[in-house]
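Remarks on the structure that follows.
The values are calculated or read from the model by the stated rules, or taken from the named source; none is laboratory data. All figures in this text were calculated on a predicted structure; none of them were measured in a lab. We place every Cβ from the backbone using ideal geometry, glycine too, and count neighbours over all the protein chains shown. In case anyone asks, the SASA skips ligands and DNA or RNA and just uses the protein heavy atoms, side chains included. Shrake-Rupley method; radii C 1.70, N 1.55, O 1.52, S 1.80 Å.
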Amino acid sequence: MHDLRADLSNLWRAAARMTSAEGGRTILFVSAKAGEGTSSVAASFALIAAEKSPRSTWLVDLDLRRNAAYRAFEEGFAANAGVPGRAFDASLGRAPPYSVSEAAQANGEGNKLLTAHQVQGTRLLVTRFRNERLRPGQRVQLRAQPGWWSTVRQAADWVVVDAPALERSDAALAVASQMDGVVVVVRADKTRAEDVATLRMEIEAHGGKVVGVVMNRMRADARLADRISG
């Protein structure tokens, strides 16, 4: 994962104009293919939001099995940002945005597997899914859960959502309808226009609103081209 904050000023200015019907704003980042740099863009955007906003920003990692965002902060990927602190229950007293198998529900652990950790020196909280509490064979699935998203909105100025690529998971489609906007991340030298068009149609078919595209690694360098439409 790479710190791309220096390249995202245009994206931040455009996204900051988004409005929300209730509480904080929610924005989801997703790509059609793996390896587009979505997690780097999402985490970097979340750090900018945390720097610019008076209240907290949440970075919600939908790739529950990998916890890539949490691990990246643990490893110090971003300058001037510390490591994640102690765990807080991220359920916020609501049914969480995932479901687990009946065994976990029966022993009372099903609603307390998602934690939030404040990144030291920032107003950013990053989520972590406690896979170590699952038993062999137990399954986890994302679900829309509007009540949980509404509660997070009340707790934060920004909720930044990092979704795995659509070719790997349909997690982004499960929550797209809860977002104020969806940004598609594209590697210009890798992703076909048809793949982007298909992703956009799928997001919109699931109630999401695509508000822009970030083109990453244009001409094999580290620059980004940002575009958000109102």
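When region 45-61 is filtered for residues that are among the hydrophobic types (A, V, I, L, M, F, W, C), open to solvent by less than 10 Å² (accessible area, probe 1.4 Å) and outside any helix (DSSP H, G or I), the ones remaining, listed by number, are L59, V60. When the residues of region 168-195 are filtered to those that are closer than 11 Å to V30 by Cβ and more than 14 Å from the chain's Cα centre (by Cα), the one that is surrounded by the fewest Cβ atoms within 10 Å (Cβ to Cβ) is R168. Note on region 74-91: among residues that are open to solvent by less than 60 Å² (accessible area, probe 1.4 Å) and over 17 Å from Q120 (Cα atoms), the one that is modelled with the highest pLDDT is A90.
The sole residue among R71, R5 that is under 23 Å from L113 (Cβ atoms), open to solvent by 20 Å² or more (accessible area, probe 1.4 Å) and not β-branched (V, I, T) is R71. For region 13-44, the set of residues classified as open to solvent by 20 Å² or more (accessible area, probe 1.4 Å) and more than 25 Å from W148 (Cα to Cα) consists of R13, K33, A34, G35, listed by residue number.
Within region 14-43, residues that are free of Cβ contacts under 8 Å to residues at least 40 places away in the same chain sit with their Cβ atoms under 9 Å from residues that are open to solvent by 20 Å² or more (accessible area, probe 1.4 Å) and not in a loop (DSSP other than H, G, I, E, B), at 6+ positions apart or across chains, in these pairs: A16/R25; A16/K52. Residues that are closer than 21 Å to M1 by Cβ and at pLDDT 85 or above are absent from region 93-109 altogether.
For region 113-120, check the following and say yes or no: at least one residue is of a type in the set (S, T, N, Q), exposed (fewer than 15 other Cβ atoms within 10 Å of the Cβ), more than 16 Å from S44 (Cβ to Cβ) and at pLDDT 95 or above. Yes, the conditions are met somewhere in region 113-120.
If you go through region 196-214 and keep only what is surrounded by fewer than 19 Cβ atoms within 10 Å (Cβ to Cβ), in a loop (DSSP other than H, G, I, E, B) and touching a strand residue (DSSP E or B) at 6+ places or on another chain (Cβ under 8 Å), you end up with just K209.
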